[in-house]
1. From the helices alone, meaning DSSP H stretches of at least four residues, give me the mean residue ellipticity at 222 nm for the chain, per-run term -39500 (n - 2.57), in deg cm²/dmol to the nearest 500.
2. Name the residue from A275, L228, P287 whose Cα lies farthest towards the positive end of the charge dipole of the range 214-322, charges +1 on Cβ of Lys and Arg and -1 on Cβ of Asp and Glu.
3. Give the distance, in whole Å, between the Cα centre of the range 180-253 and the Cα centre of the range 60-107.
4. When only alpha-carbon atoms are used, what values of Rg and Dmax, in angstrom, describe the range 63-114?
5. Please list the non-local residues whose amide H lies under 5 Å from the amide H of I41, H modeled 1.01 Å from N, same-chain partners needing a gap of 5 or more.
6. Quick check on packing: order 9-15, 88-94, 251-257 by the mean number of other C-beta atoms within 10 Å, highest mean leading.
7. For V199 and D72, what does the FRET efficiency come to when R0 = 41 Å and r is the distance between their Cβ atoms, rounded to the nearest 0.05?
8. Test of understanding: extend the Cα→C-beta vector of Q17 to 7 Å, then name every residue of the range 195-217 with backbone N under 13 Å from that spot.
Amino acid sequence: MADIKEFGDRLMGNLEQVIVGKRSAIELAVIGLLCQGHILIEDVPGVGKTMLARSLAKSLDCTFNRIQFTPDMLPSDVTGVSIYNQQKRVFEFRPGPVMGQIVLADEVNRATPKTQAALLEAMEERQVTVDGVTHPLEQPFMVLATQNPIEYEGTFPLPEAQLDRFLLRVRMGYPTSSEEMKIMNGQQLRHPIETLKPVLKVREVLAAIKAVREVFVSPAIQRYIIDLVGRTRQSSDVYLGASPRGSLALFRAGQARAALLGRDHVLPDDIKALAVPVLGHRVIVSPAARLRELSADRIVEEILHSTTVPGGDYKAENAARQAPADRGKGKIK
């Protein structure tokens, strides 16, 4: 997995030229890319949500489209529309902004539920259907949606089906005093994103996405994932727990994190580090727990503390799994 680690270091190092002091948020964005997942960036204005999406697109030399969601938007403003060509006497498809590789859905909760639903097919099936014709999306495809958790006037909360399609929820947070000083000095003459150059080609991204799927996840780790997700459904503080899509998301994200750290096998630490970003937005808190000001993230953290962590030598398990294949190498059949 050395190649994936080098891939991640190059990409994260480039992103850090623009996003200062947010290594964990950058790492989650790269994990989302390697899993071919989508990211919900939830934080207050001005902390770099849009810059993270733009920087990622520029670093990968991918097409970048931005959708500024408003209450008066229509689904066709997102997916595209068929327009009649009078000269050719045929309908021609005019693609919408979702037909890109890195798509920023800015303030997604300002759109009506009907317009929000226009993203569902694209996010899950990586295609768009307009007037009965299906248009596949170019790979890699990734949606980075932003929303402000403080401002509620004129907003439409994302439904559970929409939230479940986001692999991760990322929070940027405010910078420290020294980081804020570095930001001011770095933008005195011009913004760093203006000079940001691509460091990876699309073919390298697609190869890394494929390689991450080969990371070994032992049966014990798989049971640990299922146990964690299952406990979100059994908790008395939870109205709706995480779905099987949450289990798969934690499985894929664990593979990506292990590969970025140079390992060919997943450890319990990978799952523990990703449990809150992967499961927090999938858990719907019960009304009684909400009255006690208990958040979904806190519930997931409590489940992590109360769940037994599996033991074992996962590296040895992976070596044993690979041994039969290695014994057959070099033999003439």
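What follows is calculated from the coordinates using simple rules that are stated; it is not laboratory data. Bear in mind that the values here come from a model prediction, so they are computed numbers and not experimental data. Don't worry about glycine lacking a Cβ; one is built from the backbone with ideal geometry, like all the others, and counts go over all protein chains shown.
1. Details: 15 runs with 152 residues, N = 333.
Rounded to the nearest 500, it is -13500 deg cm²/dmol.
2. Working it through, the farthest residue towards the positive pole turns out to be P287.
3. So the separation of the two Cα centres works out to 27 Å.
4. Over the range 63-114's Cα set, Rg and Dmax evaluate to 13.1, 40 Å.
5. Here A145, T146, Q147, V170 satisfy the definition.
6. Values: 9-15: 18.0, 88-94: 10.9, 251-257: 26.1.
Averaged packing, sorted descending, gives the order 251-257, 9-15, 88-94.
7. Working: r = 39 Å, r/R0 = 0.94.
So the FRET efficiency works out to roughly 0.60.
8. Hits in the range 195-217 for Q17 at 13 Å: 195-200.
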